[in-house]
Each structure stands twice: as structure tokens, then as C-alpha cells.
1. Going by the conditions given, is V320 modelled with pLDDT of 95 or more, under 24 Å from S232 (Cβ atoms) and in contact with a helix residue (DSSP H, G or I) (Cβ under 9 Å, 6 or more places away or on another chain)?
2. Tally time: how many residues in the stretch 135-169 are among the polar types (S, T, N, Q), closer than 19 Å to C205 by Cα and not in a loop (DSSP other than H, G, I, E, B)?
3. More than 19 Å from Q98 (Cα to Cα), crowded, with 21+ Cβ neighbours inside 10 Å and aliphatic (A, V, I, L, M), is that true of V18?
4. Which condition breaks for G200 when tested against (1) assigned by TED's automatic domain parsing to the domain that holds S34; (2) under 23 Å from L124 (Cα atoms)?
5. Check A291, A336, A327, A305 and return the single one that is of a type in the set (A, V, I, L, M), in contact with a Phe, Trp or Tyr (Cβ under 7 Å, 6 or more places away or on another chain) and surrounded by fewer than 17 Cβ atoms within 10 Å (Cβ to Cβ).
6. Keeping to the stretch 265-293, report how many residues are under 30 Å from T203 (Cα atoms) and not in a helix (DSSP H, G or I).
7. Given the stretch 28-121, what strands (runs of 3 or more DSSP E) lie entirely inside it while holding 2 or more residues that are surrounded by fewer than 24 Cβ atoms within 10 Å (Cβ to Cβ)?
8. Quick check: is even one residue across the stretch 174-185 outside the structural domain of T242 (by TED's automatic domain parsing), in contact (Cβ under 8 Å) with a residue 40 or more places away in the chain and more than 24 Å from the chain's Cα centre (by Cα)?
Amino acid sequence: MTSGLIYPPGVYSTSEEVEEIARGLKDRQGLYLSHMRNESSEVVKSVGETIAAAEKAGIPGQVLHHKACGRKNFGKVRETLALLEKARERGVDMTVDQYPYAASSTTLRSILPPWVHEGGLEKLMERLRDPALRERMKKEILTTENWENMLMSSGGPEGVMVVYSPETPQFEGKKLPEIGEAMERDPLEAAFEVILANHGSDTACYFMLNDEDVKYVMRHPLVMVASDTIPSAPGAKCHPRTNGTFPRVLGKYVREEKVLSLEEAVRKMSGFPATRLGLAKKGFVKAGMDADLVLFNPDTVIDGATFESPFGEPKGISHVFVAGKLAMKNGGFTGATAGKVLRKS
């Protein structure tokens with residue numbers, strides 16, 4: 001079971017409600033994975049909430065895409081990982097995943113306070129058209145911290161980049177102050193107009209992480225590598241993690257910065273997550289396992305995707321086998337489609 005506690009409707013749930021639902025996983029030998037309620041000023045409390053849900057239900061738990069957002073919260077990952085270690089010492093089976101970037105990504109409308117989302121997308125659009133409510137939104141975004149304030153955790157409008165807005169493609173790859181200048185509006189008013197124009201199809205990147213924290217989390221033995229991405233619409237721009245997560249770890253954090261050994265990085269990408277998710281025939285190279293293999297050159301592998309050009313291809317990967325079938329040969333797609341839905345076994 002997963003939860004997204006900064007998004008509607010999960011944002012309106014109580015801890016007790018989450019705990020009650022999590023109890024239903026025990027007989028099914030399930031796993032609770034949480035996009036926590038807060039990853040900034042309340043990140044320590046939110047990790048505690050995630051641990052409590054797993055502990056009270058008697059099930060394993062996982063903190064998704066762990067980070068501490070916002071300059072004043074940099075370094076708090078040391079406290080959160082210590083909490084997770086203590087939980088394991090008392091028998092709570094907790095793990096963590098992480099993507100290797102100092103920027104996150106979600107909808108642009110995530111900059112809006114929780115009450116704006118109540119009632120769904122149409123109600124949100126209706127509220128954005130109300131001048132008085134827009135003024136209330138602006139004031140709360142700029143002055144309050146009792147919710148997951150994505151814009152302020154990014155250091156203000158200059159830390160927010162629109163990456164996908166199909167009805168306003170001229171703003172893709174631009175930060176809110178640039179968009180505001182083009183519209184001759186203040187950056188928040190410009191953001192509201194982009195949200196309205198795209199009617200639910202809006203994605204942004206939020207530059208609110210610290211690379212030293214990224215490295216600290218990455219080194220921890222409880223942490224595995226994940227992209228935290230979703231399939232994009234054809235041609236839709238996205239966070240570079242969609243195409244660059246794994247070669248970035250191997251190139252930047254293994255070869256160049258030596259944050260991880262090659263062996264540990266591969267484990268965090270394969271055997272560790274496969275075992276955690278109960279994918280019995282995945283994650284290891286041995287007899288009887290599915291032959292899922294990526295052939296790469298450790299001396300040259302690196303990501304090619306950037307925030308400005310998120311579809312840049314990685315270098316140093318020659319062949320990919322999926323379930324024993326050659327899916328990529330010499331860097332080119334062969335046409336083989338051997339992938340399938342995986343279930344816990």
C-alpha cells in the first residue's frame with residue numbers, strides 16, 4: 001500500500017486513519033510505502049508517523065524518495081535516518097528509497113495550500129478564478145509553513161521551474177520569475193495563470209534539496225535507488241530522473257565522486273529493491289532467475305538527461321536484456337517487448 005499524504009485526498013487523512021488502513025496489510029504480508037505528509041519543516045515528525053503506522057500494524061514500511069527540503073532543513077536527514085535505525089533495533093522493518101538529484105518534481109499546482117484542492121480539480125480552477133481567493137492564496141504561500149509549502153521550500157519563485165505545460169509550451173524550461181516577466185505579472189500570479197491555462201496538465205521541478213544530504217542518504221545501508229517517476233505523455237517534458245536516475249548514480253556518484261562502490265550501487269538498484277518488493281525471480285544473476293541484464297561500461301556510463309533537455313540519452317550502456325530477450329543492442333531498441341506486470345511472489 002502506498003500513501004501520498006501531501007496530495008488530495010491523502011492530505012486530509014489523520015494518522016489514525018492511515019494506521020487503521022495499514023492494519024489490513026498484515027494478513028496479506030503487505031508493505032506500507034509512504035510519500036510522507038511533510039518533507040520539509042516537519043520531516044522528522046513525518047518519518048515518525050510513517051514508522052508508527054508500520055509498527056502499530058505489525059508490517060514492514062518504507063519511506064519513499066527521502067529528503068529534507070528547504071535550506072533551513074538541510075542536515076535533518078541525519079536525524080531521520082537515526083530514527084529509522086532505532087525503529088529497526090526494536091523490530092520495525094523499515095527501509096528507504098531515494099533519487100539522485102537535488103530537485104524534486106510534481107505538479108505546479110502543488111504550490112497551492114491544501115484547502116484550494118478540496119473538491120477536486122474543477123473546484124481548484126474555480127477558486128483560482130476568484131480574485132479575493134487568489135490574494136488569500138498568495139498570502140498563505142508567502143507567509144505560512146503549517147503545510148508542505150513547495151514554493152517556499154524551494155527558496156521562493158526562483159526555485160520553481162515549469163517543465164510541462166502543453167497549453168503554454170513557451171514557458172516550459174522557465175522559472176516563475178521569467179514567466180512573470182513575460183506575462184508582466186508577479187511570479188505567483190503567473191503561476192496561477194499557467195495552472196488555469198493547462199487545467200490539470202502542469203508539472204514543475206522544485207530546486208530545494210542539498211547535494212550533501214543526497215550523498216548522506218545514498219550511503220546509508222537502508223537506502224535503495226529509485227527514480228520516483230511516472231510514464232510521461234508522448235513528448236511531455238519531465239524531470240531528468242525519468243531517464244537518468246540509474247546511469248547518474250553509476251557515473252556521478254560511483255565513478256566520479258566515489259560516494260558508493262560499484263558493487264553497492266548495483267545492489268541498491270537490483271537485488272535490494274527486488275527482495276524488498278517480493279519479486280522472487282528478479283534482482284540477481286544466477287540460475288533460475290529472469291535474465292534481466294544491463295551491460296554497461298563502468299568507465300564511461302553517465303546520464304545524458306538534464307533539466308533543460310530531459311530526454312538526453314545515457315552513455316556507456318550497450319545492451320539490455322529483459323527476461324532473456326535482447327531489448328537494446330548497441331544502444332538501439334530492437335523492438336522486443338518482453339516486459340510484463342510483476343506481482344509479489
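The values are calculated or read from the model by the stated rules, or taken from the named source; none is laboratory data. Every value quoted in this text rests on a predicted model; they were computed, and no experiment measured them. Don't worry about glycine lacking a Cβ; one is built from the backbone with ideal geometry, like all the others, and counts go over all protein chains shown.
1. Considered against the rule, which asks whether it is modelled with pLDDT of 95 or more, under 24 Å from S232 (Cβ atoms) and in contact with a helix residue (DSSP H, G or I) (Cβ under 9 Å, 6 or more places away or on another chain), V320 comes out as no.
2. Selection size over the stretch 135-169: 1.
3. yes
4. Every condition holds for G200 apart from (1).
5. Of A291, A336, A327, A305, the one residue that is of a type in the set (A, V, I, L, M), in contact with a Phe, Trp or Tyr (Cβ under 7 Å, 6 or more places away or on another chain) and surrounded by fewer than 17 Cβ atoms within 10 Å (Cβ to Cβ) is A291.
6. Number satisfying all stated conditions: 2.
7. Counting at least 2 such residues, we get 32-35, 94-98, 104-107.
8. No, that holds for no residue.
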